[in-house]
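**Student:** Here it is: the structure, laid out below.
The values are calculated or read from the model by the stated rules, or taken from the named source; none is laboratory data. Note that the structure is a prediction, hence the values are computed from the model and not measured. Cβ atoms come from the backbone with ideal geometry, glycine included; neighbour counts cover every protein chain shown. The area values use the complete protein model at the heavy-atom level, side chains included, leaving out ligands, DNA and RNA. Shrake-Rupley method; radii C 1.70, N 1.55, O 1.52, S 1.80 Å.
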Amino acid sequence: VPLLPAGTLTLADLGSGAGFPGLVIALLTDLHVHLVESDQRKAAFLREVSRVTKAAHVTVHATRLLDLAPLSADVVTSRALAPLPTLIPWAARHLKPGGTALFLKGADAEKEVANARKRCSFSLAVFPSHTSPDGQILRLTDIETRTSP
């Protein structure tokens, strides 16, 4: 939550799984949070947790993220969905212009960043994870994807 840019109103969490980080952010803030999860069982779980916790500003999208109309979110988050070269174009599709991506990554983050820079340009800030000694949170801004190397 402290890494969210000032003025953030909407957040899309891609591949929400058990709700980390999207559902947790929804419970801690007043943001409108879109949880995108293609697994129907996990989506049902996210709906039930949202209902029980009264997380009023949550929308669960039980579909593949490439089948979902662009969400135009201020921030896109993801944890363990795909390597950065794949994840960045997916996230860019759901970000509004000037948006921010926050990706929770592990020990291979530096290698993923290098590979992603071959197909995308972005500004990068790296923050340590509070839950994993090998983990990092990557904050990407100024994202531009290229179709050719």
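**Student:** If you scan the stretch 132-149, which residues turn out to be under 17 Å from the mean Cα position of the chain (by Cα) and either exposed (fewer than 13 other Cβ atoms within 10 Å of the Cβ) or assigned to a strand (DSSP E or B) (or both)?
**Tutor:** Passing the criteria: GLN136, ILE137, LEU138, ARG139, LEU140, THR141, ASP142, ILE143, GLU144, THR145.
**Student:** Can you say whether LEU124 is assigned to a strand (DSSP E or B) and either of a type in the set (D, E, K, R) or open to solvent by less than 60 Å² (accessible area, probe 1.4 Å) (or both), as far as the supplied structure shows? Quick ask: steps written out before the conclusion?
**Tutor:** Values: assigned to a strand (DSSP E or B): yes; either of a type in the set (D, E, K, R) or open to solvent by less than 60 Å² (accessible area, probe 1.4 Å) (or both): no.
No; evaluated as a whole, the condition is false for this residue.
**Student:** Looking only at the stretch 97-108, count every residue that is modelled with pLDDT of 95 or more and out of contact with any Asp or Glu (no Cβ under 6 Å at 6 or more places or on another chain) and tell me the total.
**Tutor:** 8
**Student:** Got a sec? Which of LEU81, LEU104 is in a strand (DSSP E or B) and surrounded by 14 or more Cβ atoms within 10 Å (Cβ to Cβ)? Steps first, answer last, please.
**Tutor:** Numbers: LEU81 fails: in a strand (DSSP E or B).
After applying the criteria, what remains is LEU104.
**Student:** Have a look at LEU46, LEU27, LEU66, LEU23 and point out the one that is modelled with pLDDT under 95, in contact with a helix residue (DSSP H, G or I) (Cβ under 9 Å, 6 or more places away or on another chain) and not in a strand (DSSP E or B).
**Tutor:** Going through LEU46, LEU27, LEU66, LEU23 in turn, the sole match is LEU66.
**Student:** Pull up the stretch 109-133, narrow it to residues that are touching an Asp or Glu at 6+ places or on another chain (Cβ under 9 Å) and not hydrophobic (A, V, I, L, M, F, W, C), then point me to the one that is nearest to THR86 (Cα to Cα).
**Tutor:** Among them, the one singled out is SER121.
Table: residues versus (1) under 27 Å from ALA6 (Cα atoms); (2) open to solvent by 30 Å² or more (accessible area, probe 1.4 Å).
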{"residue": "LEU35", "(1), (2)": "yes, no"}
{"residue": "LYS42", "(1), (2)": "no, yes"}
{"residue": "THR63", "(1), (2)": "no, yes"}
{"residue": "LEU71", "(1), (2)": "yes, yes"}
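**Student:** Another question about this same structure. Test THR63 against the stated conditions and say whether it is under 22 Å from ARG146 (Cα atoms), without any contact (Cβ under 8 Å) to a residue 40 or more places away in the chain and among the β-branched types (Val, Ile, Thr).
**Tutor:** Values: under 22 Å from ARG146 (Cα atoms): no; without any contact (Cβ under 8 Å) to a residue 40 or more places away in the chain: yes; among the β-branched types (Val, Ile, Thr): yes.
Judged against the criteria, THR63 is not a match.
**Student:** Still on this structure, please answer the following. Restricting attention to the stretch 45-86, report how many residues are within 18 Å of LEU23 (Cβ to Cβ) and not hydrophobic (A, V, I, L, M, F, W, C). So that I can check it myself, show each step before the final result.
**Tutor:** Of all residues in the stretch 45-86, those within 18 Å of LEU23 (Cβ to Cβ) come to 45-63, 65, 68, 71, 73-81.
Narrowing the set further to residues that are not hydrophobic (A, V, I, L, M, F, W, C) leaves 47-48, 50-51, 53-54, 57, 59, 61, 63, 74, 77-79.
Result for the stretch 45-86: 14.
**Student:** Of the residues in the stretch 11-20, how many are under 14 Å from LEU102 (Cα atoms), open to solvent by 10 Å² or more (accessible area, probe 1.4 Å) and either aliphatic (A, V, I, L, M) or at pLDDT 95 or above (or both)?
**Tutor:** Of the residues in the stretch 11-20, 1 are under 14 Å from LEU102 (Cα atoms), open to solvent by 10 Å² or more (accessible area, probe 1.4 Å) and either aliphatic (A, V, I, L, M) or at pLDDT 95 or above (or both).
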